[in-house]
Amino acid sequence: GANWQFEKNKGVFFRASEGFKMPYFDDFRDNYGAYTSGEDLIQQVTQYELGYKMASQSFSLYATGFFNEVEGDTFVARPGAPAEVLTNEAYGVELDVAYYADNGFSVTVNATVQETEITASPTNQGNEAQRQPGWQVRLTPSYDFMLGDVESTVYATIFAVDDRFGDNGNTVVLEGYEQIDLGWNVFLSEDLELQLNVQNLTDEEGLTEGDPRNPSSPNGRYILPRNATFSVSYRF
């Protein structure tokens, strides 16, 4: 890695890494046939990052371009079935932006835009990697204010994610969705905090992933419907 701070509050960086992921118990269990046929079940991971960072009293920006490759990734539709040995690649840009106003208002934006591809596979070469969206973005505004002598914060989080494929064959599309959360924190003292959080305010329906073992199955992991949580925290 290398970092160059060319001004007091600005810099650029570069990182390169290469490593290996060793197999664990489930890898041997699910891919035993591939292992006995000579597949070592070791994944080789290569990653490159090039970025820019800038920070001031009221504004900060981090932008990172990335490329990564995973060789030897395996997918088994069900235990005992033949293993699909893959090479996955992805490249894109990550953005983290924050703005802080003098009146207590602040907003942060986190976004990722990427392209993915299965570059080596017996049957799915050239397809997109499963469950990987082309983009996702999170916007979080907040406002700090006083209620008499009590410090308080209200905030919201708006999250949006693009369509994704639910399987390596790219036969099932998981539709994108948006989710809005609201929250209110009240700091009654340095030690006592009250927090109210409402998740999925609009009661949006969305799947985070489907069933890769049976792409046509109606199974899937869904985001929670509208719900509220109230908590009390005390620091000793």
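If we keep just the residues of the range 164-191 that are of a type in the set (A, V, I, L, M) and either at pLDDT below 95 or within 21 Å of the chain's Cα centre (by Cα) (or both), which is surrounded by the most Cβ atoms within 10 Å (Cβ to Cβ)? Write out each step before concluding.
Keep residues of the range 164-191 that are of a type in the set (A, V, I, L, M), which gives 172-174, 180, 182, 186, 188.
Narrowing further to those that are either at pLDDT below 95 or within 21 Å of the chain's Cα centre (by Cα) (or both): 172-174, 180, 182, 188.
Values: VAL172: 18, VAL173: 12, LEU174: 21, ILE180: 18, LEU182: 14, LEU188: 14.
Applying the filter and picking the extreme gives LEU174.
Do we find that GLU49 is assigned to a strand (DSSP E or B), more than 26 Å from ASP211 (Cα to Cα) and charged (D, E, K, R) in this structure?
On the way: assigned to a strand (DSSP E or B): yes; more than 26 Å from ASP211 (Cα to Cα): yes; charged (D, E, K, R): yes.
Yes, satisfied.
Restricted to the range 196-220, and to residues that are of a type in the set (S, T, N, Q) and in a strand (DSSP E or B), which residue is nearest to ASN170 (Cα to Cα)?
The selected residue is THR208.
From (1) open to solvent by less than 50 Å² (accessible area, probe 1.4 Å); (2) of a type outside the set (Phe, Trp, Tyr); (3) out of contact with any Pro (no Cβ under 8 Å at 6 or more places or on another chain); (4) touching a residue at least 60 places away in the same chain (Cβ under 8 Å), pick out the condition that doesn't hold for GLN130.
Against the list (1) open to solvent by less than 50 Å² (accessible area, probe 1.4 Å); (2) of a type outside the set (Phe, Trp, Tyr); (3) out of contact with any Pro (no Cβ under 8 Å at 6 or more places or on another chain); (4) touching a residue at least 60 places away in the same chain (Cβ under 8 Å), GLN130 comes up short only on (3).
What pairs can you find where one residue is in the range 97-116 and free of Cβ contacts under 8 Å to residues at least 24 places away in the same chain and open to solvent by 30 Å² or more (accessible area, probe 1.4 Å), the other is of a type outside the set (Lys, Arg) and in a loop (DSSP other than H, G, I, E, B), and their Cβ atoms are less than 8 Å apart, with a gap of 6+ or different chains?
Pairs found: VAL113/GLY134.
Read through the list (1) exposed (fewer than 14 other Cβ atoms within 10 Å of the Cβ); (2) farther than 25 Å from ASP73 by Cα, then give the number of the only condition that LEU196 fails.
All conditions are met except number (1).
When the range 14-61 is examined, which residues are found to be under 28 Å from PRO141 (Cα atoms) and either in contact with a helix residue (DSSP H, G or I) (Cβ under 8 Å, 6 or more places away or on another chain) or among the polar types (S, T, N, Q) (or both)?
SER56, GLN57, SER58, SER60
Just to be sure before I move on: is PRO141 in contact with a Ser or Thr (Cβ under 9 Å, 6 or more places away or on another chain), within 30 Å of VAL85 (Cα to Cα) and surrounded by 14 or more Cβ atoms within 10 Å (Cβ to Cβ) in the structure I sent?
Values: in contact with a Ser or Thr (Cβ under 9 Å, 6 or more places away or on another chain): yes; within 30 Å of VAL85 (Cα to Cα): no; surrounded by 14 or more Cβ atoms within 10 Å (Cβ to Cβ): yes.
No, not satisfied.
What's the total number of residues in the range 78-116 that are in a loop (DSSP other than H, G, I, E, B) and of a type in the set (Asp, Glu)? Spell out how you get there, then give the answer.
From the range 78-116, those in a loop (DSSP other than H, G, I, E, B) are 78-83, 101-104; that's our starting set.
Subset that is of a type in the set (Asp, Glu): 102.
Residues flagged as in a loop (DSSP other than H, G, I, E, B) and of a type in the set (Asp, Glu) within the range 78-116 amount to 1.
The values are calculated or read from the model by the stated rules, or taken from the named source; none is laboratory data. Since we're looking at a predicted model, the values are computed, not measured. Cβ atoms come from the backbone with ideal geometry, glycine included; neighbour counts cover every protein chain shown. Quick note on the areas: whole protein, heavy atoms, side chains included, nothing else; ligands and nucleic acids left out. Shrake-Rupley method; radii C 1.70, N 1.55, O 1.52, S 1.80 Å.
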